[in-house]
Amino acid sequence: MASFDWSDEENDLIVGDYFDMLRMEIAGESFNKAERNRMLQSRLTTRSRGSIEFKHQNISAAMLGLNQPWIEGYKPMSNFQFNLVEAVVRQLDKPHSWAANEFLKQAHKGSPRSANFSVQEDIPLWIGPPPTVSNAPPPVEHTLLERILRKYDVAERDAANRALGKAGEERALKHEVQSLTLAGRTDLAKKVQWTSETEGDGAGYDIASFELDGSPRLIEVKTTNGWERSPFHISRNELAVAEERRDSWCLLRLWNFAKEPRAFEIRPPLDAHVSLMATSYMASFASENRPLQT
(Lines give C-alpha, C1' and ligand atoms only; values in the text may rest on other atoms or scores of the structure.)
Protein backbone atom coordinates (compact mmCIF):
# COMPACT_ATOMS: atom_id res chain seq x y z
CA MET A 1 0.00 0.00 0.00
CA ALA A 2 1.03 3.62 -0.52
CA SER A 3 3.28 5.43 1.92
CA PHE A 4 3.44 8.73 0.01
CA ASP A 5 1.85 11.98 1.16
CA TRP A 6 -1.90 12.43 0.99
CA SER A 7 -3.14 14.80 -1.70
CA ASP A 8 -5.58 17.63 -1.08
CA GLU A 9 -8.27 15.62 -2.87
CA GLU A 10 -7.70 12.62 -0.61
CA ASN A 11 -7.71 14.81 2.49
CA ASP A 12 -10.93 16.54 1.44
CA LEU A 13 -12.60 13.16 0.91
CA ILE A 14 -11.67 11.65 4.26
CA VAL A 15 -12.28 14.88 6.19
CA GLY A 16 -15.73 15.19 4.63
CA ASP A 17 -16.52 11.63 5.70
CA TYR A 18 -15.18 12.34 9.21
CA PHE A 19 -17.43 15.40 9.55
CA ASP A 20 -20.43 13.36 8.45
CA MET A 21 -19.70 10.77 11.15
CA LEU A 22 -19.19 13.52 13.74
CA ARG A 23 -22.50 15.12 12.80
CA MET A 24 -24.20 11.75 13.25
CA GLU A 25 -22.47 11.17 16.60
CA ILE A 26 -23.57 14.57 17.90
CA ALA A 27 -27.12 13.88 16.69
CA GLY A 28 -27.18 10.54 18.50
CA GLU A 29 -27.37 8.58 15.24
CA SER A 30 -25.55 5.25 14.87
CA PHE A 31 -22.98 4.45 12.20
CA ASN A 32 -20.57 1.63 11.45
CA LYS A 33 -16.93 2.76 11.46
CA ALA A 34 -15.66 -0.42 9.80
CA GLU A 35 -18.22 -0.13 7.03
CA ARG A 36 -17.34 3.49 6.38
CA ASN A 37 -13.65 2.57 6.35
CA ARG A 38 -14.35 -0.03 3.65
CA MET A 39 -16.27 2.57 1.66
CA LEU A 40 -13.28 4.91 1.83
CA GLN A 41 -10.93 2.11 0.77
CA SER A 42 -13.01 1.68 -2.38
CA ARG A 43 -12.47 5.35 -3.22
CA LEU A 44 -8.95 5.74 -1.83
CA THR A 45 -7.64 2.70 -3.65
CA THR A 46 -4.00 3.22 -2.64
CA ARG A 47 -4.78 3.55 1.09
CA SER A 48 -5.11 0.66 3.52
CA ARG A 49 -7.62 0.16 6.31
CA GLY A 50 -4.89 0.97 8.85
CA SER A 51 -3.77 4.16 7.10
CA ILE A 52 -7.38 5.38 6.92
CA GLU A 53 -7.86 4.58 10.61
CA PHE A 54 -4.71 6.49 11.53
CA LYS A 55 -5.78 9.41 9.33
CA HIS A 56 -9.05 9.63 11.26
CA GLN A 57 -6.97 9.99 14.44
CA ASN A 58 -4.89 12.68 12.73
CA ILE A 59 -8.11 14.56 11.93
CA SER A 60 -9.09 14.31 15.61
CA ALA A 61 -5.76 15.97 16.53
CA ALA A 62 -6.39 18.75 14.02
CA MET A 63 -9.89 19.22 15.44
CA LEU A 64 -8.48 19.51 18.94
CA GLY A 65 -6.06 22.20 17.78
CA LEU A 66 -8.90 24.12 16.10
CA ASN A 67 -11.17 24.21 19.20
CA GLN A 68 -13.51 21.55 17.84
CA PRO A 69 -14.88 18.24 19.19
CA TRP A 70 -13.72 14.95 17.74
CA ILE A 71 -15.21 11.50 17.23
CA GLU A 72 -15.19 9.17 20.22
CA GLY A 73 -12.92 6.23 19.51
CA TYR A 74 -10.58 8.16 17.23
CA LYS A 75 -8.01 9.28 19.80
CA PRO A 76 -6.10 12.35 18.58
CA MET A 77 -2.74 11.42 17.07
CA SER A 78 -0.28 13.91 15.64
CA ASN A 79 2.60 13.48 13.17
CA PHE A 80 0.90 14.41 9.90
CA GLN A 81 1.14 16.89 7.03
CA PHE A 82 -0.09 20.36 7.90
CA ASN A 83 -2.24 20.41 4.77
CA LEU A 84 -4.60 18.11 6.69
CA VAL A 85 -5.36 21.04 9.02
CA GLU A 86 -6.09 23.15 5.95
CA ALA A 87 -8.55 20.50 4.74
CA VAL A 88 -10.29 20.55 8.13
CA VAL A 89 -10.55 24.35 8.00
CA ARG A 90 -12.03 24.17 4.50
CA GLN A 91 -14.69 21.83 5.83
CA LEU A 92 -15.35 23.99 8.90
CA ASP A 93 -15.87 27.01 6.68
CA LYS A 94 -18.51 25.36 4.51
CA PRO A 95 -22.00 26.79 5.14
CA HIS A 96 -23.53 23.31 5.32
CA SER A 97 -20.99 22.09 7.90
CA TRP A 98 -22.29 20.64 11.18
CA ALA A 99 -20.29 23.41 12.90
CA ALA A 100 -21.98 26.23 10.97
CA ASN A 101 -24.19 28.70 12.77
CA GLU A 102 -27.38 27.12 11.45
CA PHE A 103 -26.51 23.87 13.22
CA LEU A 104 -26.48 25.58 16.60
CA LYS A 105 -29.63 27.54 15.84
CA GLN A 106 -31.48 24.31 15.13
CA ALA A 107 -30.19 22.85 18.38
CA HIS A 108 -32.35 25.36 20.25
CA LYS A 109 -35.55 24.89 18.28
CA GLY A 110 -36.43 21.40 19.49
CA SER A 111 -35.71 19.83 16.10
CA PRO A 112 -35.45 16.02 15.91
CA ARG A 113 -31.70 16.38 15.50
CA SER A 114 -31.44 18.20 18.81
CA ALA A 115 -33.35 15.68 20.93
CA ASN A 116 -30.23 14.84 22.94
CA PHE A 117 -29.39 18.50 23.33
CA SER A 118 -32.83 19.29 24.73
CA VAL A 119 -32.46 16.52 27.31
CA GLN A 120 -29.11 17.99 28.37
CA GLU A 121 -30.73 21.37 28.95
CA ASP A 122 -32.96 19.79 31.61
CA ILE A 123 -29.90 18.55 33.49
CA PRO A 124 -27.96 21.00 35.70
CA LEU A 125 -24.80 22.12 33.96
CA TRP A 126 -21.72 20.20 35.10
CA ILE A 127 -19.26 22.69 36.60
CA GLY A 128 -15.86 21.36 37.60
CA PRO A 129 -12.50 22.82 38.65
CA PRO A 130 -10.50 24.97 36.21
CA PRO A 131 -7.80 23.10 34.30
CA THR A 132 -4.30 23.08 35.74
CA VAL A 133 -1.03 21.49 34.68
CA SER A 134 -1.83 18.53 36.92
CA ASN A 135 -5.50 17.92 36.09
CA ALA A 136 -5.49 18.64 32.34
CA PRO A 137 -5.17 15.82 29.81
CA PRO A 138 -1.77 15.70 28.11
CA PRO A 139 -1.74 17.90 25.01
CA VAL A 140 -1.27 16.39 21.57
CA GLU A 141 2.18 17.35 20.35
CA HIS A 142 2.40 20.81 21.90
CA THR A 143 4.42 22.15 18.96
CA LEU A 144 1.61 21.12 16.61
CA LEU A 145 -0.98 22.99 18.68
CA GLU A 146 1.24 26.08 18.69
CA ARG A 147 1.65 25.91 14.93
CA ILE A 148 -2.12 25.72 14.45
CA LEU A 149 -2.60 28.66 16.83
CA ARG A 150 -0.05 30.72 14.92
CA LYS A 151 -1.72 30.19 11.57
CA TYR A 152 -5.38 30.17 12.65
CA ASP A 153 -6.71 32.38 15.43
CA VAL A 154 -8.89 29.63 16.84
CA ALA A 155 -10.07 31.79 19.74
CA GLU A 156 -11.21 34.43 17.28
CA ARG A 157 -13.11 31.79 15.31
CA ASP A 158 -15.07 30.96 18.46
CA ALA A 159 -15.60 34.65 19.28
CA ALA A 160 -16.85 35.40 15.76
CA ASN A 161 -19.37 32.55 15.87
CA ARG A 162 -22.30 34.52 17.25
CA ALA A 163 -24.66 31.53 17.27
CA LEU A 164 -22.19 29.58 19.39
CA GLY A 165 -21.77 32.47 21.82
CA LYS A 166 -25.48 33.10 22.09
CA ALA A 167 -26.25 29.41 22.60
CA GLY A 168 -23.67 29.25 25.38
CA GLU A 169 -25.10 32.30 27.12
CA GLU A 170 -28.61 30.87 26.89
CA ARG A 171 -27.41 27.59 28.43
CA ALA A 172 -25.70 29.47 31.26
CA LEU A 173 -28.79 31.62 31.84
CA LYS A 174 -31.01 28.54 32.18
CA HIS A 175 -28.49 27.01 34.58
CA GLU A 176 -28.56 30.07 36.82
CA VAL A 177 -32.35 30.19 36.94
CA GLN A 178 -32.57 26.47 37.57
CA SER A 179 -29.92 26.48 40.32
CA LEU A 180 -31.59 29.32 42.21
CA THR A 181 -35.00 27.70 41.84
CA LEU A 182 -33.78 24.34 43.13
CA ALA A 183 -32.18 26.12 46.09
CA GLY A 184 -35.52 27.68 47.02
CA ARG A 185 -34.67 31.19 45.81
CA THR A 186 -37.38 31.60 43.18
CA ASP A 187 -37.49 35.28 44.15
CA LEU A 188 -33.95 35.68 42.85
CA ALA A 189 -34.45 33.33 39.90
CA LYS A 190 -37.14 35.67 38.55
CA LYS A 191 -34.68 38.58 38.57
CA VAL A 192 -31.85 36.94 36.61
CA GLN A 193 -31.15 39.02 33.49
CA TRP A 194 -29.52 38.20 30.15
CA THR A 195 -27.65 41.49 30.12
CA SER A 196 -25.86 41.08 26.79
CA GLU A 197 -29.25 40.56 25.10
CA THR A 198 -31.07 43.43 26.78
CA GLU A 199 -28.27 45.98 27.03
CA GLY A 200 -25.67 44.87 24.49
CA ASP A 201 -22.06 43.80 24.96
CA GLY A 202 -20.80 46.91 26.75
CA ALA A 203 -21.57 45.87 30.33
CA GLY A 204 -18.49 43.68 30.67
CA TYR A 205 -20.56 40.61 31.54
CA ASP A 206 -23.35 38.61 29.88
CA ILE A 207 -25.63 37.53 32.73
CA ALA A 208 -26.63 39.31 35.94
CA SER A 209 -27.49 36.64 38.47
CA PHE A 210 -27.30 36.20 42.25
CA GLU A 211 -25.58 34.19 44.93
CA LEU A 212 -27.94 32.43 47.33
CA ASP A 213 -27.53 35.25 49.87
CA GLY A 214 -28.78 37.75 47.27
CA SER A 215 -25.41 39.31 46.47
CA PRO A 216 -24.76 40.00 42.78
CA ARG A 217 -23.18 37.40 40.54
CA LEU A 218 -22.00 38.87 37.22
CA ILE A 219 -21.15 36.21 34.66
CA GLU A 220 -19.11 36.55 31.48
CA VAL A 221 -19.66 33.44 29.34
CA LYS A 222 -17.03 32.07 26.96
CA THR A 223 -18.12 29.09 24.86
CA THR A 224 -16.21 26.62 22.71
CA ASN A 225 -16.89 23.29 21.05
CA GLY A 226 -13.32 22.34 21.91
CA TRP A 227 -11.58 20.97 24.97
CA GLU A 228 -11.22 22.63 28.35
CA ARG A 229 -7.84 24.24 27.60
CA SER A 230 -8.96 25.92 24.37
CA PRO A 231 -7.79 29.55 24.30
CA PHE A 232 -10.38 32.33 24.29
CA HIS A 233 -10.58 36.08 23.70
CA ILE A 234 -11.42 38.53 26.45
CA SER A 235 -11.90 42.24 25.86
CA ARG A 236 -10.22 45.14 27.62
CA ASN A 237 -13.62 46.21 28.95
CA GLU A 238 -14.31 42.75 30.35
CA LEU A 239 -10.93 42.77 32.10
CA ALA A 240 -11.64 46.23 33.52
CA VAL A 241 -15.05 45.19 34.89
CA ALA A 242 -13.51 42.01 36.30
CA GLU A 243 -11.03 44.13 38.24
CA GLU A 244 -13.54 46.78 39.33
CA ARG A 245 -16.12 44.24 40.51
CA ARG A 246 -13.91 41.34 41.43
CA ASP A 247 -16.12 40.33 44.36
CA SER A 248 -19.10 39.63 42.09
CA TRP A 249 -17.63 39.01 38.60
CA CYS A 250 -16.74 35.56 37.29
CA LEU A 251 -15.91 33.98 33.95
CA LEU A 252 -17.88 30.84 33.06
CA ARG A 253 -16.01 28.77 30.50
CA LEU A 254 -18.30 26.38 28.61
CA TRP A 255 -16.48 23.66 26.66
CA ASN A 256 -17.33 20.55 24.63
CA PHE A 257 -20.53 22.47 23.91
CA ALA A 258 -21.72 20.68 20.76
CA LYS A 259 -21.54 17.25 22.40
CA GLU A 260 -21.83 17.32 26.20
CA PRO A 261 -21.56 20.85 27.61
CA ARG A 262 -19.32 21.19 30.64
CA ALA A 263 -18.01 24.24 32.43
CA PHE A 264 -15.66 25.72 34.98
CA GLU A 265 -15.46 29.12 36.63
CA ILE A 266 -12.51 31.40 37.18
CA ARG A 267 -12.56 34.55 39.26
CA PRO A 268 -10.37 37.65 39.36
CA PRO A 269 -7.52 38.18 39.24
CA LEU A 270 -7.64 36.36 35.91
CA ASP A 271 -3.87 36.32 35.49
CA ALA A 272 -3.76 33.93 38.44
CA HIS A 273 -5.47 31.34 36.23
CA VAL A 274 -4.57 32.14 32.62
CA SER A 275 -1.81 33.85 30.64
CA LEU A 276 -3.08 37.10 29.17
CA MET A 277 -1.56 38.18 25.87
CA ALA A 278 -2.34 41.40 24.00
CA THR A 279 -3.47 40.55 20.45
CA SER A 280 -4.40 43.99 19.09
CA TYR A 281 -3.34 47.63 19.43
CA MET A 282 -5.08 51.00 19.23
CA ALA A 283 -3.70 52.89 16.22
CA SER A 284 -3.94 56.67 15.89
CA PHE A 285 -2.40 59.19 13.51
CA ALA A 286 0.91 60.58 14.68
CA SER A 287 -0.33 64.18 14.53
CA GLU A 288 -2.89 63.41 17.25
CA ASN A 289 -0.16 62.36 19.64
CA ARG A 290 2.40 65.02 18.82
CA PRO A 291 2.90 67.66 21.54
CA LEU A 292 1.88 71.15 20.53
CA GLN A 293 4.82 73.21 19.31
CA THR A 294 5.37 76.61 20.85
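The values are calculated or read from the model by the stated rules, or taken from the named source; none is laboratory data. Being a predicted model, the structure only gives us computed values, none of them experimental. So basically every Cβ, Gly included, is an ideal-geometry build from the backbone, and we count neighbours across all protein chains shown.
Residues in segment 162-179: is at least one within 26 Å of Leu270 (Cα to Cα), surrounded by 14 or more Cβ atoms within 10 Å (Cβ to Cβ), of a type in the set (Ser, Thr, Tyr) and at pLDDT below 90?
Within segment 162-179, not a single residue is within 26 Å of Leu270 (Cα to Cα), surrounded by 14 or more Cβ atoms within 10 Å (Cβ to Cβ), of a type in the set (Ser, Thr, Tyr) and at pLDDT below 90.
Is it fair to say Ala100 is at pLDDT 85 or above, surrounded by 13 or more Cβ atoms within 10 Å (Cβ to Cβ), small (Gly, Ala, Ser) and out of contact with any His (no Cβ under 6 Å at 6 or more places or on another chain)? Steps first, answer last, please.
Details: at pLDDT 85 or above: no; surrounded by 13 or more Cβ atoms within 10 Å (Cβ to Cβ): yes; small (Gly, Ala, Ser): yes; out of contact with any His (no Cβ under 6 Å at 6 or more places or on another chain): yes.
In short, no.
Just a yes or no: is a residue in segment 78-89 without any contact (Cβ under 8 Å) to a residue 60 or more places away in the chain, touching a Lys or Arg at 6+ places or on another chain (Cβ under 7 Å) and on the phi < 0 side of the Ramachandran plot?
For segment 78-89, residues without any contact (Cβ under 8 Å) to a residue 60 or more places away in the chain, touching a Lys or Arg at 6+ places or on another chain (Cβ under 7 Å) and on the phi < 0 side of the Ramachandran plot: absent.
Of the conditions (1) surrounded by 17 or more Cβ atoms within 10 Å (Cβ to Cβ); (2) among the charged types (D, E, K, R); (3) touching a residue at least 24 places away in the same chain (Cβ under 8 Å), Lys33 satisfies every one except a single condition; which number is it?
Answer for Lys33: the failing condition is (1).
In the list Ser30, Ser60, which residue meets the criterion of being under 20 Å from Ala258 (Cβ atoms), among the hydroxyl-bearing types (Ser, Thr, Tyr), in a helix (DSSP H, G or I) and not assigned by TED's automatic domain parsing to the domain that holds Thr223?
Values: Ser30 fails: in a helix (DSSP H, G or I).
Exactly one of Ser30, Ser60 is under 20 Å from Ala258 (Cβ atoms), among the hydroxyl-bearing types (Ser, Thr, Tyr), in a helix (DSSP H, G or I) and not assigned by TED's automatic domain parsing to the domain that holds Thr223, namely Ser60.
Looking for whichever is at pLDDT 95 or above and more than 23 Å from Ala155 (Cα to Cα) here; the options are Arg290, Arg253, Arg217. Which one fits?
On the way: Arg290 fails: at pLDDT 95 or above; Arg253 fails: more than 23 Å from Ala155 (Cα to Cα).
From the options Arg290, Arg253, Arg217, the qualifying one is Arg217.
Looking at the structure I just gave you, is Arg150 assigned to a helix (DSSP H, G or I), modelled with pLDDT under 95, outside the structural domain of Ala62 (by TED's automatic domain parsing) and surrounded by fewer than 18 Cβ atoms within 10 Å (Cβ to Cβ)? Write out each step before concluding.
Numbers: assigned to a helix (DSSP H, G or I): yes; modelled with pLDDT under 95: yes; outside the structural domain of Ala62 (by TED's automatic domain parsing): yes; surrounded by fewer than 18 Cβ atoms within 10 Å (Cβ to Cβ): yes.
Judged against the criteria, Arg150 is a match.
Taking only pairs six or more apart or across chains, which ones have beta-carbon atoms under 7 Å, a first residue in segment 190-218 that is within 21 Å of Ala163 (Cα to Cα), and a second residue that is assigned to a loop (DSSP other than H, G, I, E, B) and among the charged types (D, E, K, R)?
Short answer, once both residue conditions are applied: Thr195/Asp206; Ser196/Asp206.
When you check Phe232 against the structure, is it in a loop (DSSP other than H, G, I, E, B), in contact (Cβ under 8 Å) with a residue 12 or more places away in the chain and within 24 Å of Gly202 (Cα to Cα), yes or no?
Working: in a loop (DSSP other than H, G, I, E, B): yes; in contact (Cβ under 8 Å) with a residue 12 or more places away in the chain: yes; within 24 Å of Gly202 (Cα to Cα): yes.
So Phe232 fits the description; yes.
Give me a count of the residues in segment 227-285 that are surrounded by fewer than 18 Cβ atoms within 10 Å (Cβ to Cβ) and of a type in the set (Phe, Trp, Tyr).
3
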